[in-house]
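Below is one structure, written out as structure tokens; comments come after it.
The values are calculated or read from the model by the stated rules, or taken from the named source; none is laboratory data. As the structure is a computational prediction, the values presented were derived from the model and not from experiment. Cβ placement follows ideal geometry from the backbone for every residue including glycine, while neighbour counts extend to all protein chains displayed. SASA here: full protein model, heavy atoms, side chains in, ligands and nucleic acids out. Shrake-Rupley method; radii C 1.70, N 1.55, O 1.52, S 1.80 Å.
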Amino acid sequence: MMRFLLLFSRQGKLRLQKWFTPMLEREKKKIIRDMTTMVLARQPRSCNFLHWKDLKIIYKRYASLYFCLAIENQENELLALEVIHRYVELLDQYFGNVCELDIIFNFEKAYFILDEFLMGGEIQETSKQLVNRSIEASDMLQETMEEYMSKPAF
């Protein structure tokens, strides 16, 4: 089971966080600080897998963002790497070559895409097409509601 997913920049700025197990805010801040310093301090060509406390940390850098995923020790590292890659593919399909600014200015969409893909630390939907259909349906509903709310009520 996944414990948390973090997205942060090369400067160590947190861009997105998803916690799959309940933790105190103080613990979350300490984990975020530990993960950013540990991952950013590593050499570019080093292994993307780390052991930290009782977890495995899997990270991958895409452009200027680091995607960092924590899993339990008995889980498969390559599957976790594939989860990160699939999430990046979903973001790319929605935003068209996703960048850090897309995550910053459209963070609610990034969280929505993540929630359509993962639930409770497990993969909810593996099909990119089905995830994209649900995102498109949500966008259509949002547009319809905005259009409806913008009309004056007489």
Rounded tilt (10° steps) of 77-95 against the dominant C-alpha axis of the chain: 30 degrees
Total Lys pairs in the chain closer than 18 Å by alpha-carbon, pairs eight or more apart in sequence or interchain only? 16
Net charge (Lys, Arg +1; Asp, Glu -1) of residues whose beta-carbon lies under 10 Å from that of residue 124, residue 124 excluded, is -4
Roughly how many percent of the accessible protein surface of segment 1-111 is carbon and sulfur, given a 1.4 Å probe and a whole-percent answer? 52 percent
Please identify which residues in segment 76-100 have an amide N closer than 20 Å to a label point set 7 Å out from the Cα of residue 111, following the Cα→Cβ vector. 87-88, 90-92, 94-95, 99-100
Per residue, what accessible area does the chain have, given a 1.4 Å probe and all protein chains present, in Å²? 61 Å²
Between residue 16 and residue 63, what FRET efficiency comes out of the Förster formula 1/(1 + (r/R0)^6) with R0 = 22 Å and r the beta carbon distance, rounded to 0.05? 0.95
Using Cα atoms only, what is the angle between the long axis of helix 107-117 and the major principal axis of the chain, expressed in degrees (0 to 90) to the nearest 10? 80 degrees
Relative contact order for segment 1-84 using alpha-carbon pairs under 8 Å, separation at least 6, rounded to a whole percent? 34 percent
Translational diffusion of segment 39-111, µm² s⁻¹ [Kirkwood Rh, Cα pairs; Stokes-Einstein; 20 °C; 1.002 mPa s]: 161 µm²/s
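Below 8 Å between Cα atoms, with a sequence gap of 6+, how large is the relative contact order for segment 69-131 in percent? Don't skip to the answer; put the middle values down first.
On the way: 29 pairs, mean separation 14.4, N = 63.
It comes to 23 percent, rounded to a whole number.
State, to one decimal in nm², a quarter of the convex hull surface area for the C-alpha atoms of segment 39-79, i.e. the direction-averaged projected area.
Projected area, direction-averaged: 3.1 nm².
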Using Cα-Cα distances under 8 Å and only pairs 6 or more residues apart, what relative contact order does the chain have, in percent? 22 percent
Can you tell me the convex hull volume per residue for the chain, based on C-alpha atoms, in Å³ to the nearest whole number? 138 Å³
